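This report refers to the structure that appears directly beneath it.
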Amino acid sequence: MKVAILSESPADEAALRVLVEGVLGAPIEPVQSGLRARGWPNVGQILPAVIRHLHFNTAAEGLVVVVDADDSVVHTAAHEAPGYFHPQCRLCQLRAIFRQTAKKLPPAGGRAGLLRCVGVAVPAIEAWLLCGRDPQVTEAAWTEGRERGLLPYTRRELKWRVYGTDRPTLPHEIDCALAEVRRHRGDLRRLEADFPAGFGALARDLRGWVAKDS
């Protein structure tokens, strides 16, 4: 399957490729998104242009978009209600951008449009990378900590736990990220259990792709 991945850094995209292949159960053929993002909100800003580029200029079948939640509202089951939109939820925002952009595009390349996949890492992708290695790092722990006003960890601490520094070089960041996600390549159930909103949304979208092909 020809798939483009858009995230906040090349290291994130390298890790996501492994996770996407794990959910799909098959290798993907990477497609260049056309633009490189540098953090949030840049991903949201360039997303319409990326969708149009992939739609008109490539043979991409799907686009995976993943960002960090940082301190934004965490996606919940209530956000899945038909027509619901939370303006401070990044998952809701990215889905809306995708929907509003895609509906304006005419068919191209013999297909109706790109398959959409959106995920949000709570509070950052380093939390996903630590899954299974640090049981204290979960969506529930982060959400409960915010509600109590006492965070269980900071995003900087997560970086230290993964990379041994909060300012890793890009090659070091990629090496560490790949080593962590490869632990999950054969079984992603722990990631879905510990991060049901952000990673769960990504996994459900990808499984929807498989269902359409079957």
Which of the residues spanning the range 94-127 are of a type in the set (D, E, K, R), assigned to a helix (DSSP H, G or I) and surrounded by fewer than 24 Cβ atoms within 10 Å (Cβ to Cβ)? R95, R99
Return yes when G145 is of a type in the set (G, A, S) and part of a loop (DSSP other than H, G, I, E, B) and no when it is not. no
Could you check, for the range 116-125, whether at least one of its residues is among the charged types (D, E, K, R) and farther than 21 Å from W209 by Cα? no
Answer with yes or no whether A69 is loosely packed, with under 13 Cβ neighbours inside 10 Å and in contact (Cβ under 8 Å) with a residue 24 or more places away in the chain. no
Could you look through the range 141-171, keep only residues that are free of Cβ contacts under 8 Å to residues at least 40 places away in the same chain and of a type in the set (A, V, I, L, M), and pick out the one that is nearest to L16 (Cα to Cα)? V162
Which count do you get for residues in the range 167-197 that are hydrophobic (A, V, I, L, M, F, W, C) and farther than 20 Å from G25 by Cβ? 6
Among the residues that make up the range 138-155, is at least one of them of a type in the set (D, E, K, R), under 15 Å from the mean Cα position of the chain (by Cα) and surrounded by 20 or more Cβ atoms within 10 Å (Cβ to Cβ)? yes
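Read-outs: derived from the displayed coordinates by stated rules, not from any lab. None of the values given here were measured: they were computed from a predicted structure. When we count neighbours, we look across all protein chains shown, and the Cβ atoms used for this are built from the backbone with ideal geometry, even at glycine.
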